[in-house]
C-alpha cells in the first residue's frame, strides 16, 4: 500500500467515518480523515445526543405536574431557564467531541479540519492541500432541506434549532417523521404553544399503522396541535413574527418555524463525477453489500447511501468496511430487524415487520396486542395510554415484529430486538416470566390473538 499518503482516507467525521477510521487503523492501515464542521457528525453535534438532552429537560414539567398526584406539594408556575440548559448542553457536546478526537488520536488517525473533495482517482482536496490515498471512504451523511416556497429562508432547520438562544413561546414544526415528532414534544414540554404540520395522512410513514395512530393520539393529548393533510404554502416575516400560510387557507403566527420534512444525501460538490461514483435519483451513493461504490477503490457508509439511516447502522457499516478491506475478514451487515425508536413523548419503538408488511409476506399472520393505562399515570391526572403489539407468523410461531408506544419504549425495544434477531418464537415468550409490575412484562403475558 505504498506510494500514497494514506492507505485509507475518510471523508466525513461522523459516527460511521470515525468508527471505520479507528478499526482500519487497528488493522495496521495508515488513515486520514477530514471533517468540515465538528467531529462526531450529526448524531453527536446536532442530532441524537443534544436532542435527547433537550428531551430530558422537557420532561420535568410533566413530572412536576404528576408529582401532585403522588402527594408532593409543588406549586407552579414552572419556569425554565433556556440559556442555562443550552449552556449545559453545549458543554456536554464539547466534551463528547473531545472524546471523539481523543479516540482518533490514540488510534493514530490523522485529522484534517476542512471540507474534502475528490479530485480524480486516489486524490482528495482539503482546502489547498492535495492528499493521495489508495482507498477512500465517503461518510458525509445527510443534511436538512427547505422546501421551494416563498419565505422558506425564514425556516429553521433541525441544525439551526440548536443555535436558538431564546426559547420560542409559539412554534410550528413542519414534518411527520422522527425529528418533527421529537421536537414537538420537546418544545411542548418546555412550555411553548406547538403546532405540528404534516402533509401526509398520518405521522411516521413506514411504521406500523396502529402505532402511528396511537402515537398521534397521545401527542395530541399532550397539548400539541397536530394537523395532518396540510402544507405550508408561504412564509412572511414582520419584525419578530412569522406568518405561516397554509394550504387550507388559514394562517399561523409564530416566533419560530422549524422545517423537519426530510433530509438530502450530502453528495453535492464532492467531486464524485471525477472518479466514476454513481448516485441514484435522490443523490444517494450506490453501493453493494460491502459498501463498495461503482468505483472499486471507493466505499460509502451511513446516511449518504440512504440504506437504513440510523447511527448504529452507520457505525456497523463502517466497522464491517474496515474489517473487509483492511482486516482480511469480509463481512456485510444485515439491514433486517434493525430496531428503531422515536423519542417523542411518549416514546415509540419498533423492530421487525409491521402488521401490513407481515401480511404482505406471510399467508397466515397472528396479531397480539394491548392498550392500557400505565401505572405511572395511576395517581396523576395524566391522560395516557400505552400500546404493545406483537406480529407473529402462525406457520412457524416466529415473532416477526414488536411495536410499543410508552414511556421508555426505546429501552424496552432493545431486549426485544435481540430476541427477534435470534428467531424467538411466540411460545418462547409465553414461557418467559415477566418482571412485575412493568410495561415490558406485557409482552410475555399476551395470550389470545385478535
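Bear in mind these aren't lab numbers, they're just calculated from the coordinates by the rules spelled out. Please read these numbers as outputs of a predicted model, since none were measured by experiment. Counting neighbours? That spans all protein chains shown, and the Cβs are built from the backbone with ideal geometry, glycine included.
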Handout entry: Spatial separation of Cα centroids for the range 101-153 and the range 289-359, in angstrom
Key = 20
Completion exercise
The helix 409-421 Cα axis meets the longest alpha-carbon principal axis of the chain at an angle in degrees, between 0 and 90 and rounded to 10, of 60
Problem - Within the range 152-261, percent of DSSP bridges classed antiparallel, to nearest 5 - result: 40
Fill in the blank from the handout: DSSP beta bridges in the chain: the antiparallel percent, rounded to 5, is 60
Fill in the blank from the handout: Relative to the chain, whose Cα atoms define the longest principal axis, helix 15-26 and its Cα axis are tilted in degrees, nearest 10, by 50
Exercise for the section: Determine, for each peptide in 126-138, 238-250, 7-19, the mean count of other beta carbons within 10 angstrom over its residues, then list the peptides with the highest first. Expected result: 7-19, 126-138, 238-250
Handout entry: Percent breakdown of C-alpha pair distances by 20 Å bin, ordered from the shortest bin, for the chain
Key = 23, 52, 25, 1
Completion exercise
Footprinting proxy, 154, 343: sorted fewest to most Cβ within 10 Å, the residues are 154, 343
Exercise for the section: With runs of 4+ DSSP H residues as the only contributors, calculate the mean residue ellipticity of the chain at 222 nm using -39,500 (n - 2.57) per run, divided by the residue total and rounded to the nearest 500. Expected result: -9000 deg cm²/dmol
Problem - For the range 152-261: relative contact order, % (alpha-carbon pairs under 8 angstrom, 6 or more apart) - result: 35
Exercise for the section: Calculate the translational D of the range 346-444 in whole µm² s⁻¹ from Stokes-Einstein, where the hydrodynamic radius comes from the Kirkwood formula applied to all Cα pairs, the temperature is 25 °C and the viscosity 0.890 mPa s. Expected result: 176
Handout entry: Where Rh is the Kirkwood radius over Cα pairs, Rg/Rh for the range 206-321
Key = 1.12
Completion exercise
Taking only the alpha-carbon atoms of the range 152-261, the convex hull volume per residue, in cubic angstrom, is 94
Fill in the blank from the handout: Note on the range 123-210, DSSP bridge orientation, antiparallel percent to nearest 5 equals 45
Handout entry: Residue order, fewest to most surrounding Cβ atoms within 10 angstrom, among 269, 237
Key = 269, 237
Completion exercise
The helix 209-221 Cα axis meets the longest alpha-carbon principal axis of the chain at an angle in degrees, between 0 and 90 and rounded to 10, of 60
Fill in the blank from the handout: Ordered by fewest other Cβ atoms within 10 Å, a rough proxy for footprinting exposure, 181, 228, 265 read 228, 265, 181
Completion exercise
Taking the alpha-carbon centre of each part, the distance from the range 201-222 to the range 28-82 in Å is 23
Problem - Whole-Å distance, taken between Cα centres, linking the range 371-450 and the range 265-288 - result: 41
